[in-house]
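Novice: Okay, handing you the structure first.
The values are calculated or read from the model by the stated rules, or taken from the named source; none is laboratory data. All values reported here derive from a predicted model rather than from experimental measurement. Here the Cβ is made from the backbone with ideal geometry for all residues, glycine too, and neighbour counts use every protein chain on show. All accessible areas refer to the heavy atoms of the entire protein, side chains included, with ligands and DNA or RNA removed. Shrake-Rupley method; radii C 1.70, N 1.55, O 1.52, S 1.80 Å.
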Amino acid sequence: MARIRHSLSQTSLPNPLPSQLPTPIPNSLLTILAACASRSRSVKSLTQVTLAQSIHTQGSNHGHNCAQFTASALSVCVAGRARARRSKFEVEVGGRGWRLDLAMAGLAMAASGVSQALSTHEGLRRVAPVVAAAAPARGVCLARRVCVQAIAEPVTKRDRTIEECEADVVAGNAPAAPAVPAKAKAPEGTPKISPLVMPARPRRNRRSPALRAAFQETTVSPANFILPLFVHEGEQNAPIGAMPGCQRLGWRHGLIDEVYKARDVGVNSVVLFPKVPDGLKTSCGSEAFNPDGLVPRCIRLLKDKFPDLVIYTDVALDPYSSDGHDGIVREDGVIMNDETVHQLCKQAVAQAQAGADVVSPSDMMDGRVGAIRNALDLAGYQDVSIMAYTAKYASAFYGPFREALDSNPRFGDKKTYQMNPANYREALIETRMDEAEGADILMVKPAMPYLDVIRLLRDNTSLPISAYQVSGEYSMIRAAAAAGMLDEKKAILESLLSIRRAGADVILTYFAIEAAQYLCAERF
Ligand code: PBG
């Protein structure tokens, strides 16, 4: 505690203090609420926080998922063992980008502080609104979890406490079987029938939340998401008209803030898409391999701030091409394959050099995966992975993306390199090639209109599959929800679940942060 107090002492208290503060207010709680409330990135010392070693261990076992950190921390508190575990909160885990985890530690400590002053349940109930008020941005989903936990009444039988029930059993009075409940009344006019004779009733396995959860075949987790981020040279974020809720992020600040938000809810993978100024676009797209270009700069900045962030990059010439095509365009309009591959290899190496973890060729030239693998290996980047856009279709659903990057082809379409939406078997040809050429992950794109292709790849390769829920899929859900035609949250989660059910391991989705927030709030 001494150490955490010391590291937090440079933070000023939120002003005014949230009005629902419980009384008496434990000193430690005040300090921690101050930390939760502080959204200022200038409070550098906060990255050097102490964090419960027990939480840390559990958290890292689950892949550094921040939400799970909190869950573990809270469960420690809820179990009423906060005091016993408190000493473990003092273990230093150091300044390696732990800023966000401070909120987790803070919440856990806050809950534990109040739990000590009041009963555990009442403590949670009281701390929930305080935390919600104190940490509006990065604590929001955690606060929701706390609220959910606090609001749920403990289930006891016939108004007796758990202790009374236990005492009965200890005294040798085993409880009687529950009485068969009286049939609830059916509405007037319900036909009187004898029950159907039917041994199999699939609805039995769906009749309660616990049974439904037990037999759920597919799950979605923030760890499955890759968040696509649009970046530009500007300082300000700029909204993208065709993608409400998405922005072109200023690479110095907006980008960092967005990644903070993502990691806060357990999304630790991003893929970068640059909006390149027109003046830098050429017919051969050489800006794509400028080591000081926008993408390499973003990668270096992100790796400096978040060494464990997984950074994917896009390998294709379209954002850099004055023709808006993924490859070099010959005079007669033909997209030149092998010459383009040469450029793509240089692009991939430049991205690896800047610190990319996974390069993702989205261009659909033949042979590019093998050539990029070779170029990466020759340059010493054996550990950089390739996520191949294996089955990428010439789709109308990329429209909003091209507006975002201002990368519409200046003439024609992309049908000589992207796949015909009518084709299924052809995806297997691409699969076999990309596998043989050393791809680490195979992608299907778009996702929802191509669930059959995701399943096809799932059944025909042992490699991980990714699916790209593209801009058009995103904008459709947003637009329908804005018009009041869909329940946005349910539609988002169902779309992601269906993509996982079809066989995708990871999903590139513009909903990543929002969906992860929903999932954090639900899972507690
Ligand atoms: C560029 C690229 C595109 C997308 C990802 N990388 C556009 C295209 O191929 O025309 C589309 C992503 C989306 O629509 O969300 N090669």
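Novice: Residues being open to solvent by less than 50 Å² (accessible area, probe 1.4 Å) and farther than 23 Å from Leu302 by Cα: count how many of those fall in the stretch 230-246.
Specialist: 2
Novice: Looking at Ser471, Ser407, which one is under 25 Å from the mean Cα position of the chain (by Cα) and among the polar types (S, T, N, Q)?
Specialist: Ser471
Novice: Determine if the stretch 156-172 includes at least one residue that is at pLDDT 75 or above, of a type in the set (Gly, Ala, Ser), more than 41 Å from the chain's Cα centre (by Cα) and loosely packed, with under 11 Cβ neighbours inside 10 Å.
Specialist: yes
Novice: Yes or no: the stretch 401-420 includes at least one residue that is open to solvent by less than 70 Å² (accessible area, probe 1.4 Å), farther than 21 Å from Ala242 by Cα and β-branched (Val, Ile, Thr).
Specialist: Looking for residues that are open to solvent by less than 70 Å² (accessible area, probe 1.4 Å), farther than 21 Å from Ala242 by Cα and β-branched (Val, Ile, Thr), one finds none in the stretch 401-420, hence no.
Novice: In addition: On the basis of being assigned to a helix (DSSP H, G or I), touching a strand residue (DSSP E or B) at 6+ places or on another chain (Cβ under 7 Å) and more than 16 Å from the ligand (Cβ to nearest atom), does Val259 make the cut?
Specialist: When the stated conditions are applied, Val259 passes them.
Novice: If you check every pair at least six apart or on different chains, which have Cβ atoms under 6 Å apart with a residue in the stretch 465-492 that is away from the ligand (no atom under 15 Å from the Cβ) first and a residue that is among the hydroxyl-bearing types (Ser, Thr, Tyr) second?
Specialist: If the second residue must be among the hydroxyl-bearing types (Ser, Thr, Tyr), the pairs left are Lys489/Tyr518.
Novice: Here's another thing I want to ask about it. Outside any helix (DSSP H, G or I), surrounded by 12 or more Cβ atoms within 10 Å (Cβ to Cβ) and aliphatic (A, V, I, L, M), is that true of Leu227?
Specialist: The answer is yes for Leu227.
Novice: Got a number for residues in the stretch 262-292 being part of a strand (DSSP E or B) and within 16 Å of the ligand (Cβ to nearest atom)?
Specialist: 6
Novice: Within the stretch 457-471, can you find the residues that are surrounded by fewer than 21 Cβ atoms within 10 Å (Cβ to Cβ) and in a helix (DSSP H, G or I)?
Specialist: Listed by number, the residues that qualify are Arg458, Asp459, Asn460.
Novice: Can you tell me which residue in the stretch 367-404 is farthest from Glu430 (Cα to Cα), limited to those that are over 25 Å from the mean Cα position of the chain (by Cα) and free of Cβ contacts under 8 Å to residues at least 12 places away in the same chain?
Specialist: Once the filter is applied, the top-ranked residue is Gly380.
Novice: Filter the stretch 444-456 for residues that are more than 19 Å from Ile429 (Cβ to Cβ) and open to solvent by 10 Å² or more (accessible area, probe 1.4 Å); which is farthest from the ligand (Cβ to nearest atom)?
Specialist: Filtering first and then ranking leaves Leu451.
Novice: Does the stretch 331-366 hold any residues that are closer than 15 Å to Leu317 by Cα, touching a helix residue (DSSP H, G or I) at 6+ places or on another chain (Cβ under 9 Å) and open to solvent by 50 Å² or more (accessible area, probe 1.4 Å), and which are they?
Specialist: Passing the criteria: Asp338, His342, Lys346, Asp366.
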